[in-house]
1. So what is the relative contact order of the chain, in percent, for Cα pairs below 8 Å that sit 6 or more residues apart?
2. Would you work out the charge dipole size for the chain about its Cα centre, treating the Cβ of every Lys and Arg as +1 and the Cβ of every Asp and Glu as -1, and quote it to the nearest 20 debye?
3. Nearest 10 degrees is fine. How inclined is helix 2-27 to the longest principal axis of the chain, computing both from alpha carbons?
4. If each residue's Cβ is checked for other Cβ atoms within 10 Å, how do 139, 252, 230, 202 rank with the fewest at the top?
5. Please list, ordered by chain and number, the residues whose modelled amide H lies under 5 Å from the amide H of residue 70; skip anything fewer than 5 residues away on the same chain.
6. Using modelled backbone amide H atoms (1.01 Å from N, in-plane), which distant-in-sequence or interchain residues come within less than 5 Å of residue 188's amide H?
7. Under the Karplus relation 6.51 cos²θ - 1.76 cosθ + 1.60, θ = phi - 60°, what is the ordered set of whole-Hz ³J(HN,Hα) values for the range 176-189, x standing for Gly and Pro?
8. Figure the gain on full extension for residue 114 and residue 126 (residue separation times 0.36 nm, minus the Cα-Cα span) and round it to one decimal in nm.
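No value in this document is a laboratory result; all are computed from the given coordinates. Owing to the predicted nature of the structure, the values given are computational and were not obtained by experimental measurement. FYI the Cβ positions are ideal-geometry reconstructions off the backbone, even for glycines, and counts take in every protein chain you see.
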Amino acid sequence: MVKGLYTAHTAMINEEHRMDTLTNNLANFNTTGYKKEGATQQSFHDALAVKIKDHSDWYLSKRMGFMQPGVKIGETYTDWSEGGMKQTDNTFDLALSTYGFFEIEYTDKAGVTSTKYTRDGACTLTSGGALVTKDGDFVLDKNGNHITLDPTQDARIDRQGNIYQGNNQLVASIAVTDFNDYNYLIKFGENMYEAVEGAQEVPSQAQTISGYLEQSNVDIVSEMVQMISVQRHYEANQKIIQTMDDSLDTAVNNLGRLQ
């Protein structure tokens, strides 16, 4: 019976983790380029119950069967499917037509810079003409350098990420990269990623679409349905614990009582 309490407890912990993942997805429904996450679950390894003291055959251990100690939290995975496109008619709002990432130079509070990757193409020009994200991080070109434009001139960006100004003069080319295996990307913030050891960059086949932004791929209806399911599972395991607690109370306090 105590094992049953533990099994129900692990199930409730797992449902809490699933609920956290779903609520984070809903909170980022309007985050540009956000990729929703999902949670998996795993069972603990079966434990073999053995009776180690059996006087009928004192030199042998007697098998009593297998026990299943419940469920444990599995991996959190990312759904890399593309979100819908929103037209903005802003030249520096950029979206990618298929798999790939913009390269961003991120600077932390200690002043250390590193390259991050994002699907969020909401960019703007600083007063000095630098192309930056809405958070102020520099957008990199194909050579890994900052992109600097003339803020007094109109710009045009083609599907290859080339930026033209003046008399149709090529000024810079926006870097778009992809990876052979997304398992080597870890999340950084809400819509940026960083590559870990073993990540292999490959050329991206994505086209850069100016005047559009990629929306998150979160489906509100689907997430709400899953939240209701998670809540029902949590409540069911909660009732199991309450029932077992009542049974244990009866066994400890009432059974065997001398009248």
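1. After rounding, I find 25 percent.
2. It comes to approximately 1040 debye.
3. 20
4. On the way: 139 23, 252 9, 230 20, 202 12.
The order, fewest Cβ neighbours first, is 252, 202, 230, 139.
5. 44
6. Residues meeting the amide H criterion: 193, 194.
7. Taking θ as phi minus 60°, the curve returns 10, 10, 9, 10, 5, 9, 6, 5, 9, 10, 10, 6, 9, x Hz for the range 176-189.
8. Full-extension gain reported as 2.3 nm.
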